[in-house]
Amino acid sequence: MSELLAVTGMTKRYGSVTVLRDVAFDLKAGEIHALLGANGAGKSTLCKMVAGLTDVSGGQMQLGGEPYAPADKPSAETAGVQIVQQELNLIPTLNVAENLLLTRLPSRFGIVQHGDLHRRARAALDRLGLSDIQTHTQVGRLGVGRQQMVEIATALDRQCRVLILDEPTAALSGSETERLFEQLFRLREQGVGMIYISHRLDEVKRIADRTTVLRDGKWVCTQPTREISTDDMVDLMSGGGTGMATKTASARCLGPADAPVLSVDSLTCGIVQDVSFAVRAGETFGITGLVGSGRTELLRAIFGADPADSGSVTVGNRDATRFSHPADAVVGGLAMVTEDRKQNGLLLDQSIRSNTAINSLAPFFSRCGVVLQQRERTAAQSMCEQMDTRCTGIEQIVGTLSGGNQQKVVVAKWLTRGADVFLFDEPTRGIDVAARRRIYEMIDALASQGKGIVIVSSDLEELFETCDRIAVLSAGRLVRTFDRSGWSEDAILQASFEAHRSDAART
Amino acid sequence: MKHQLTQSVLQYAGLLGVLLLLIAVFSLSSENFFQMQTLVTIANSNPDLIFVSVGMTMVLIVGGIDLSVGSVLALGSAVLGVLMVHYEWGLLAALPVCLLATGLCGLFNGMVSVWFSIPSFIVTLGMLEMARGGSKVLTDSQSLYIGRSIEGFGEPLQSISLSPAFLVAVGSVIVGQFLLTKTVFGRYLVAIGTNAEAVRMSGIRTAPITVAAFVISGVLVGMAALAQTSRLSTADPNAAIGLELAAIAACVIGGTSLMGGRGSVIASFIGVLIIAVLQSGLAQLGVEDATKQLITGAVIILAVLLDALRSRFGKSDA
C-alpha cells in the first residue's frame, strides 16, 4: 500500500489557545485509519484542516506525493478529499436527489434535467443498499439516521481518494451501520483511504487497519489496530494518568446525606434514560461524558427547558415534581447557566444592567410592576464589582464584552436572582484563565453558603478542581459516580465508553 | 439624574430636528403654513394614527407585527355605528363593546401566533381580511351616519382648540412610554424582542407578555376607531385602508426596529407628526396626490437610512 496522505507538524491555534500541536499523521491508499481521542483531543480539528474547512496555523500536507493546501472545501473536493461531518449539512426543504447532487445538478441551459437527476441519485442510494429511500422525498421528512445515510451517500457518490467520516454511526441503527461498513470495505478495495472517527471502540476494533490516538492536541501513537485492545485504547487516550485531584478548595461541611438539596429520580427525556442522583447542600457535583451522551439534555430536563418524559426532581424539602417550564424551575429554587451564552444566556444588544436584572425585576426590583431603577442599578453595580467584570460601566452593551466577561454577566444574573441549586453547563468554555478562576471562586463561595452545585463539563481538569463527586453519562445513562478518592482520568474515560463497548461487562 | 435628562433629550434631538426642519421649510415656502390654526388642524386630524402607532410600537418591539390594525379599526367603527344607530345606544355604552371587540381581535392575533408559533405577519394578514369582512357584514357594507352623539370626542375644545381625541391620544403616548421604560412589563417586551429564548431560559414566561402586546394594540385600535368615527361622524366599513402601513412607517421613522428589541413610543409619536406635517405641508403647497405619495415614500426610506447610518457609526464608536 502506498502513502496517500501525509501530514506533518499540523498545528492549530485559536488566539492564544493551541488546540492541535505538531501532529503527524499518514493515510495509505486502501486503508481505514481510525482517529481516537477524548473530547477536545483535536480529532475533528485535524480532519477539518485536511478537508479545507479551517485554516492551518502550521504544518505541511501532501496528497499523493504532491503538496496539498486546500483553501476551502470545494478545492479539497477537487483534490479528492471528502468529509462527512458529525452535524448534518443537508438542506431539509430539498428532496433527496437534489441534496445528493446539489453541487453538480445535471442541467441543460440552466434547466435541471429531472430524469437524469433522479436516475443518478437512485444509483447512488442503491449502491448503499438504500432502496427504501425515495429520491423525491423531502430530506427534512427523513429520520436523523436516514439523513445521515443520505449524507454519506452524497460523499460516497463523489469521486474521492480520501474520505473522512466523523462519527458517522452515531445516529445509525445496527443494520444501517452494517451496510455502511460494507460500503467502506468496498471503497477500501478500490484503494480509497479513509479516516474514521468514532467513540465506538468495538467498531474501530472491527474495521480499522490502523489506529492513531490523540491527546490534548498532541499525537500519542499510531499502531496496527489488531495489536491493541479497547482497554489499551482508553488508556492511551487518557494517558493512563491518574489525574489526581488538584483541588484547591478547602474541605467544606456538607449537608446531611439523607436530606439532599437536589435529588433527581429516574429522569427520562429523549436520549437521557432513567438518571438518578442526589446532591447535598454544599456539594459540587460534576457530570461528564462524551459528546452526545446527554449531558446538556439532562440539565435541560431538570430545569424544565425540555420537559422530561418521566421521573422527578426534588429541590430541598419541596415536593417532588417535574418542571415543565424554566419559570417553574426558578420558582422551585433552581438556576441554570446555559452552555451557549449567545444563543440563550444573554441579551447581547442590551446593557450589563438589563442582563443582570432581567429575572430579578419582578421579585426584587419592582413595586406594583414599576421598576425600582435605583435598586436595580445598585445591584448590577455591586455584581460587577463582585464578579470583577471588566467594563466601562453597567450601561455597557454586553455584546461588546469579551467572552469571559460575558460569562460573568450570565453568572451575575443568577447570583442576583438567587437559588438553592445552581446548574452550570460548560461554565468556562472558551473563556480566559482569569475569568475562569473568578467563576471557580464564585462556585466555591456558593457551595460554602450551602447551595447545591451541578457542573456539566467535558473538561476533566475543571471537574477535578471544582467537584466533590463526578458522575459519568454514557449514551444517556448514568453509569458510574466517582468520589475524590476514586476518580482518575482513566477511570472516567473507561466509564464514558461503557455503553459503546461490547466488552463493557468486565471492568 | 441630570445626565439622564440630557440623554433623553439627545435621543429625540435628531427626530425633533427633522420635524422642526419640515415645519420651517413649509413655513418659508407657504406663508399660510406657520399658523397656529394649521398646526392645530394637523393635531386634530391624526389622533387615530397616534393611537395605532403606540400599539404598533409595542408589537414591533416584542418582535411581532400587526397588519390588521386598519381593518380592526373599521370593525370597531362598525360596532359603534351599529350599536348607536340601529340600537340607539349611547356612546358610553357602545364604547366598551367596541374596545372589547378590537381587544379580542388583538387577543386572537397574539394567541394564535404564540401558541402555534405562526409568524404574526401571517396571522394578522388573515385578521386584516377577517375584520374587514366582519365590518362589512355588520354594516351591510353601508356607511352609517351617527351624527352629534359621537362628534364631541373629535371636535376641538373651545378653550384650547385641541380635540379631546388628540389629548387622550397624547395621554396614550405618555402611558405607553411609561409602560415601556419604567415597568417590568416593558422591560420584558424589549428583552423578548432581543432574544426570546434567553428570556425563557431565565425563567420568565414569554407567552403572556407577547400576547399582552397584541391585546394592547387591539384596544388602542378601538380608541382609534372612536377618534376616527367621531371626526367623520360616520361609521365607514371601508375606513382606514392602509393604516397599518402608515403606522409602521411612523414607528420606523421613529427608529423602532422591525426585528424587535428596540423602539420608543415617543419616537413613534414624533414619527406620526413628521408624516402628518409632511402630508399637510405638501397639500398646502398644492402638490398633487401622486407626487405627495412619491415624496412621503422617499422620506420614509431616508429616515431609515439615517437611522442605519447612525447605528453603524454608533457601533464603531463603542
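The values are calculated or read from the model by the stated rules, or taken from the named source; none is laboratory data. Treat the numbers as computed from the prediction; the structure is a model and nothing was measured. Counting neighbours? That spans all protein chains shown, and the Cβs are built from the backbone with ideal geometry, glycine included.
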Does A:LEU20 fit the bill of being modelled with pLDDT of 85 or more, assigned to a helix (DSSP H, G or I) and either of a type in the set (A, V, I, L, M, F, W, C) or buried (at least 21 other Cβ atoms within 10 Å of the Cβ) (or both)?
-> no
Out of B:THR206, B:THR183, report the one residue that is among the polar types (S, T, N, Q) and within 22 Å of the chain's Cα centre (by Cα).
-> B:THR183
May I ask you to verify whether B:ILE150 is in contact (Cβ under 8 Å) with a residue 24 or more places away in the chain, more than 14 Å from chain A (Cβ to nearest Cβ) and of a type in the set (A, V, I, L, M, F, W, C)?
-> yes
Kindly indicate whether any position in the stretch A:500-507 is crowded, with 17+ Cβ neighbours inside 10 Å, of a type outside the set (Ser, Thr, Tyr), touching a strand residue (DSSP E or B) at 6+ places or on another chain (Cβ under 8 Å) and at pLDDT below 90.
-> yes
Could you tell me whether any residue of the stretch B:77-94 is in contact (Cβ under 8 Å) with a residue 24 or more places away in the chain, touching a Ser or Thr at 6+ places or on another chain (Cβ under 8 Å) and under 29 Å from B:SER264 (Cβ atoms)?
-> yes
Across the stretch A:26-82, the tally of residues that are part of a helix (DSSP H, G or I) and among the small types (Gly, Ala, Ser) stands at 4
If you go through the stretch A:418-433 one residue at a time, do you hit one that is in a helix (DSSP H, G or I), within 14 Å of chain B (Cβ to nearest Cβ), at pLDDT 90 or above and surrounded by fewer than 23 Cβ atoms within 10 Å (Cβ to Cβ)?
-> no
What residue, among those in the stretch A:398-410 that are part of a helix (DSSP H, G or I) and within 13 Å of another protein chain (Cβ to nearest Cβ), is farthest from A:GLY286 (Cα to Cα)?
-> A:THR400
Inspect the stretch A:442-458 for any residue being at negative phi and within 13 Å of chain B (Cβ to nearest Cβ) and give the result as yes or no.
-> no
Which numbered condition A:GLY52 misses (of (1) at pLDDT 90 or above; (2) closer than 25 Å to A:LYS205 by Cα; (3) buried (at least 20 other Cβ atoms within 10 Å of the Cβ)) = (2)
Those residues of the stretch B:169-186 which are in a helix (DSSP H, G or I) and either at the interface with chain A (Cβ under 8 Å from one of its Cβ atoms) or crowded, with 17+ Cβ neighbours inside 10 Å (or both), in sequence order = B:ALA169, B:SER172, B:VAL173, B:GLY176, B:GLN177, B:LEU179, B:LEU180, B:LYS182, B:VAL184, B:PHE185, B:GLY186
Filter result for the condition that a residue is within 22 Å of the chain's Cα centre (by Cα), at pLDDT below 85 and outside any loop (DSSP other than H, G, I, E, B), over B:LEU60, B:LEU15 | B:LEU15
Could you please find all residues in the stretch A:394-426 being over 23 Å from A:GLN449 (Cβ atoms), of a type in the set (A, V, I, L, M, F, W, C) and over 26 Å from the mean Cα position of the chain (by Cα)?
-> A:ILE394, A:ILE397
Flagged in the stretch B:187-209 as in contact (Cβ under 8 Å) with a residue 12 or more places away in the chain and more than 7 Å from chain A (Cβ to nearest Cβ), in numbering order, are B:TYR188, B:LEU189, B:VAL190, B:ILE192, B:GLY193, B:ALA196, B:THR206, B:ALA207, B:ILE209
Among (1) part of a helix (DSSP H, G or I); (2) among the small types (Gly, Ala, Ser); (3) surrounded by 15 or more Cβ atoms within 10 Å (Cβ to Cβ), which single condition is B:GLY133 missing?
-> (3)
If you take the residues in the stretch A:385-397 that are part of a helix (DSSP H, G or I) and closer than 18 Å to A:ARG436 by Cβ, which one is farthest from the other protein chains (Cβ to nearest Cβ)?
-> A:GLN386
Within the stretch A:335-362, of all residues that are more than 10 Å from chain B (Cβ to nearest Cβ) and of a type outside the set (A, V, I, L, M, F, W, C), the one farthest from B:LEU180 (Cα to Cα) is A:GLU339
Those residues that are under 20 Å from the mean Cα position of the chain (by Cα) and of a type outside the set (A, V, I, L, M), I need them from the stretch A:446-466; list them, please.
-> A:SER457, A:SER458, A:ASP459, A:GLU461, A:GLU462, A:PHE464
Right, B:LEU125: more than 14 Å from every other protein chain (Cβ to nearest Cβ), out of contact with any Cys (no Cβ under 8 Å at 6 or more places or on another chain) and part of a helix (DSSP H, G or I) or not?
-> yes
Within the bounds of the stretch B:239-252, is there any residue that is more than 17 Å from B:GLY70 (Cα to Cα), surrounded by fewer than 24 Cβ atoms within 10 Å (Cβ to Cβ) and within 16 Å of the chain's Cα centre (by Cα)?
-> yes
When the stretch A:301-314 is checked residue by residue, the ones that are within 14 Å of chain B (Cβ to nearest Cβ), closer than 15 Å to A:GLN273 by Cβ and buried (at least 20 other Cβ atoms within 10 Å of the Cβ) are A:ALA301, A:ILE302
Among (1) at pLDDT 90 or above; (2) touching a His at 6+ places or on another chain (Cβ under 9 Å); (3) aliphatic (A, V, I, L, M), the one test that A:VAL410 misses | (2)
Of the candidates A:THR288, A:THR321, the one satisfying the condition of being more than 14 Å from chain B (Cβ to nearest Cβ), without any contact (Cβ under 8 Å) to a residue 40 or more places away in the chain and either under 30 Å from A:THR392 (Cα atoms) or among the β-branched types (Val, Ile, Thr) (or both) is A:THR321
Which numbered condition trips up A:ARG469, out of (1) modelled with pLDDT under 90; (2) under 23 Å from A:ASP274 (Cβ atoms); (3) buried (at least 19 other Cβ atoms within 10 Å of the Cβ)?
-> (1)
